[in-house]
Structure formats: structure tokens, C-alpha cells
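S.K.: Let me give you the structure first, and then I'll get to my questions.
No lab work stands behind these numbers, since they all come straight from the coordinates. For clarity, every value in this text was computed on a predicted model and none was experimentally measured. All Cβ positions, even for glycine, are placed from backbone atoms using ideal geometry, and neighbour counts span all protein chains on display.
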Amino acid sequence: MPEYTVLTVCAVLAVVVAELVYFRSGIFRTAQYWWSIVIVFAFQVPVDGWLTKLSDPIVIYNPDEMLGLRMPWDIPIEDFGFGFAMVTLAILLWRRWLDRRLSSQEAIDGDHDHDEERRGRLRRGRTSL
């Protein structure tokens, strides 16, 4: 199997496994995620098609390193796999970062609320914390 194809399949599988086993964000079950993939591919098609068109290519692929399936506008099918893997990984990492940031902020806010509650009890004459 050609190298570019193998790397594409590995990238897609790695990201899918990372989501299902490690991140477990559930993005594959959301319409928001799939709409983002549609939007990415909608922009990828004209740009990638222009860059890889066989009539006047800007990016030239070694035909021995890919399957040779091109659609639409001469885009190597592997480019869609890599696009999927890169965008999905970026979304997974971004969501993980946001979740951790929100958890940290909630912990800070929760500690703050607890301190206020404790101060209020002390002001009212209750000594138990």
C-alpha cells in the first residue's frame, strides 16, 4: 500500500481511537461537529482542487505514494482523510483545554463561595467550619 495512503489511514484511525478511548468528548454524536467538517470540506475542495489540479499543479504528489484516486477537481482522496484527522484532533484538543479551563474556574469559584459561606457563619457566631 502506498505510503501517503498508509499514513492517512493511520492518522484517521489514531484520531478516532483517541476520541473513543482517551478524550471521550462525544463529538462524533453532535451535529455541530459534523457541520464543522462539512464547512471545512466545503473550503478544502476549491483550495485543494486549485493546488492539485493535474492541468497545472502547484502541489505535485508522487503517484507511487498514493492510491491515485482523485475527486473532485483532481484532489487526492487521501487529502480528505488528513483534513478530517487534523480538524478533528484540533477540535478534541481545544475542547479538552476548554473543559479543563472551565473546571479550574469552577473550582476557584467554588472555593470562593465556600470561603464566603465560612466567613458568613463566623460573623453569625457559628464556630463550626
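S.K.: Condition first: in contact with a Gly (Cβ under 6 Å, 6 or more places away or on another chain) and under 21 Å from Val9 (Cα atoms). Now tell me which residues in region 46-78 satisfy that.
M.R.: Passing the criteria: only Ile75.
S.K.: Read through the list (1) within 17 Å of Asp74 (Cβ to Cβ); (2) surrounded by 15 or more Cβ atoms within 10 Å (Cβ to Cβ), then give the number of the only condition that Tyr33 fails.
M.R.: (1)
S.K.: Looking only at region 51-65, count every residue that is surrounded by 14 or more Cβ atoms within 10 Å (Cβ to Cβ) and not in a loop (DSSP other than H, G, I, E, B) and tell me the total.
M.R.: 3
S.K.: Further question on the same structure: Residues of region 29-64 being of a type in the set (A, V, I, L, M) and either farther than 24 Å from Met1 by Cα or in contact (Cβ under 8 Å) with a residue 12 or more places away in the chain (or both), which ones?
M.R.: The answer is Ala31, Ile37, Val38, Ile39, Val40, Ala42, Val45, Val47, Leu51, Leu54, Ile58.
S.K.: Name, by its number, the condition in (1) assigned to a loop (DSSP other than H, G, I, E, B); (2) within 21 Å of Asp79 (Cβ to Cβ); (3) not aromatic (Phe, Trp, Tyr) that does not hold for Ser25.
M.R.: Every condition holds for Ser25 apart from (2).
S.K.: Still on this model: Scan (1) among the acidic types (Asp, Glu); (2) at positive phi; (3) part of a helix (DSSP H, G or I) for the single condition Asp48 breaks and write down its number.
M.R.: (2)
S.K.: Here's a follow-up. Just one of (1) in a helix (DSSP H, G or I); (2) exposed (fewer than 15 other Cβ atoms within 10 Å of the Cβ) trips up Gly68, so point out which.
M.R.: That leaves (1) as the condition not met.
S.K.: Looking only at residues in region 1-15 that are under 19 Å from Leu93 (Cβ atoms) and touching a residue at least 12 places away in the same chain (Cβ under 8 Å), which one is surrounded by the fewest Cβ atoms within 10 Å (Cβ to Cβ)?
M.R.: Ala14
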